[in-house]
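Readers should treat all values here as calculations from the given coordinates under stated rules, not as data from a laboratory. Keep in mind that this is a model prediction, so the values were computed, not measured. Positions of Cβ are generated from backbone atoms using ideal geometry, with glycine treated the same way; all protein chains shown enter the neighbour counts.
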Amino acid sequence: MKAHFLHNAVFLLSLFSLTTSSPDHPPSNSSSRNVEPPSEALALLAFKSKADLHDKLPFSPNTSSSYCKWQGVECQHGKVVRFVLQGLNLSGVFAPNTLTRLDQLRVLSLQNNSLTGAIPDLSGLDNLKAVFLDHNSFAGSFPPSVTSLHRLKTLDLSYNNLTGSLPVSLTNLDRLYYLRLDSNRFNGSIPPLNQSSLRVFNVSRNNLTGAVPATPTLRRFGTTSYSWNPGLCGEVIRQQCNSTLPFFGPSITPPPPPPPPTISASQQLQGVELTRARTSQVKHRRTALIIGFSAGFFVLIGSVLCFMMTMKKQKKRLAPAAASDYAAAAEAADLMRIEQNELEEKVKRVQGMQMAGKSGNLVFCAGESQLYTLDQLMRASAELLGRGTIGSTYKAVLDNRLIVCVKRLDAGKLAVETSKEVFERHMDSVGGLRHPNLVPLRAYFQAGDERLLVYDYQANGSLFSLIHGTKSARAKPLHWTSCLKIAEDVAQGLSYIHQAWRLVHGNLKSSNVLLGSDFEACLTDYCLSVFANPSNDDDPNSAAYKAPEIRKLNHQATSKSDVYSFGILLLELLTGKPPSQHPYLVPDDLINWVRSARDEDGGDDNRLVMLLEVAIGCSATSPEQRPTMWQVLKMIQEIKEVVMQDGEMDAPTGAP
């Protein structure tokens, strides 16, 4: 079994073709062709026949015996539990009676494709916990069968062409945690959702109407979760509902909510503990100033009208007036124009102050509920966790005892000046990423040069600390199964980033891998390399993670450079040595070096060689010679299968 795996791993590393990513092809004799494919394989083949019109999926009846190794398929005991095909440009339909035969399916993700038609009946998938069908072209009504899936926690149907009303039976999904229905054409009212478990919610950019139900759950979400629905109203979105429609029908866009408190340019961050907003006296002065400008505007307009009426009357009476009278009138008109220009400049300054207030919002990502305010974040006590290439990271304890991790971007370390709009668009994309092996970006803030990113706080520290210990305690190389588990977690997170919205991490290293509550590895600082200035990074360990092709200045990270960084991280996991101490060795010598670094008796040699083959392939000098992260993930999962067959996966993964 082990020799068979090694042979196929080398084969994968040399070809890197999706069609060869499944290592155990059955013999091409007549008896194997006559074997009826398993029922699970038949369901997958039926799906491919309707959804994969351009033959992008390497599913084949000839390889049906190894369907659990097909792209995007994950099995347990021969039953498909996860089916994830993201960003493959599938352009057919999701046909009925195909994937719905997979009765043990837990996770279904077809996001970021081009699938059309109606969403089929999913009621037979009783075990579904997560459904991602977003960023497609599905049409028709909301699939009513979804509301019968009582184990469902995550549902994302956003960015499709779905129409009709939302069923009230959505309230029956009492485990629902994540619900995104934005960017469709749904109409009617919002159901009175009141699940205490709901944490992510977004119905923006639809045609929904009526009052938003003022349930405790729906009150938790900000107005951005409901925006671009002209007919919505109610206290939840601070929009009054009219009992009768205006003469010309409802307005196209509802009036904006009251502007948030403005933040002056002089207001600075002291770590994460932001200085308090201006005192109430200053706010009153600012309000008085704005009112004064407004009053002055109306007074001046009234004066101008009176002046023009007077001039019109005098013009009739003073037609034969002397030239000096005309000169006086011209001088008065010039004075009026000067005063009007000055007034316009004052109005622009007032509008600029109002826009500065709007840019100071704390923006919550992906429909997250607003669990804290900007003012609470400003009052938070802070502890410096570390300084990076584009900013500093802090642990912030809010007054409601909630602990968050805040990254403050240093404007002086950024590559180029990024506009407010570009920054918002990018952070909205990054904030939409949700995966068990990513530390979620919950919110972001910007005002002037000040930019903050708010993440979940991970109490178990970083992978760097786990591998290398502290100043007082020197760590030993991690147990074999710990290395394998962490490698799989990191590969899962990277593969999701690459496939979900075709983004890249750009700064993978052990200090940017944090340990969750169950010591699962979670990536952080992902997708921020677009803002980084490489010349600011003089850390030799960080430089060792960078692929050869991006070590030159002004070279952007790619998915293949992420693969290179993963290979270096894998060597760091196995040896316990920081990347700056990794020697440049040929593969045979590298294996001996890893053995000596682990100081082992050779009992784990076979598994060691398996994982080293992956690390060597990932850290190839040429990007074309490196596998994709999805292929890397499949290799690691094959190693895991070998180890599980040997009964060695019961060792603890949370400690060295």
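Near ASP399, within a Cβ-to-Cβ distance under 10 Å, what is the net charge of the other residues, with Lys and Arg +1 and Asp and Glu -1? Once all neighbours under 10 Å are counted, the net charge is +1. Extension gain, ASP103 to ASP399: 0.36 nm times the residue separation minus the Cα-Cα distance gives 101.9 nm. Here are some pairs, LYS48/LYS69; LYS79/LYS485; LYS69/LYS509; LYS407/LYS509; which of them have Cα atoms lying more than 20 Å apart in this structure? In this structure, LYS79/LYS485; LYS69/LYS509 exceed 20 Å between Cα atoms.
The amide H of ALA443, built 1.01 Å from its N in the peptide plane, has CYS365, VAL454 as neighbours under 5 Å, considering only residues 5 or more places off or on other chains.
Treat the count of other C-beta atoms within 10 Å as a stand-in for reagent exposure and order TRP480, TRP228 from fewest to most.
Least crowded to most crowded, the residues run TRP228, TRP480.
Spin-label model, ASN207/SER189: points 7 Å from Cα along the beta carbon direction are separated by 1.9 nm. Label positions at SER114 and TRP228, each projected 7 Å from the Cα along the C-beta direction, are separated by 2.2 nm.
Once backbone amide H atoms are built at 1.01 Å from N, GLY469 has ALA475 as its partners under 5 Å, excluding neighbours fewer than 5 places away on the same chain. A simple rule links phi to the HN-Hα coupling: the Karplus curve 6.51 cos²θ - 1.76 cosθ + 1.60 with θ = phi - 60°, which for segment 361-377 gives 6, 8, 9, 8, 8, 6, x, 4, 6, 8, 7, 7, 10, 4, 5, 5, 5 Hz, with x for Gly and Pro. What the Cβ-Cβ distance of ASN172 and GLN625 gives, at R0 = 51 Å and to the nearest 0.05, is a FRET efficiency of 0.45.
Under the simplified labelling scheme, the SER141-LYS420 pair shows an inter-label distance of 4.3 nm, with each label point 7 Å from Cα along Cα→Cβ. The phi torsions of segment 117-124, fed into the Karplus equation with coefficients 6.51, -1.76 and 1.60 and a -60° offset, translate into couplings of x, 7, 7, x, 5, 9, 4, x Hz, rounded to whole numbers, with Gly and Pro shown as x. Annotation: the residues CYS241, CYS405, CYS618, CYS527, sorted from fewest to most other C-beta atoms within 10 Å of their own C-beta, follow the order CYS241, CYS405, CYS527, CYS618. Counting other Cβ atoms within 10 Å as a rough exposure proxy, the listed residues SER66, SER510 run SER66, SER510 from fewest neighbours to most. FRET efficiency for the ARG379 to GLU641 pair, using the beta carbon distance and R₀ = 56 Å, is estimated at 0.65. At an R0 of 35 angstrom, the distance between the Cβ atoms of PHE519 and ASP539 translates into a FRET efficiency of 0.85. Taking amide H as placed 1.01 Å from N in the peptide plane, ARG238 has no amide H partner under 5 Å among residues 5 or more places away or on another chain.
A Cβ-based charge dipole, computed about the Cα centre of segment 363-456 with Lys and Arg at +1 and Asp and Glu at -1, lands at about 260 debye.
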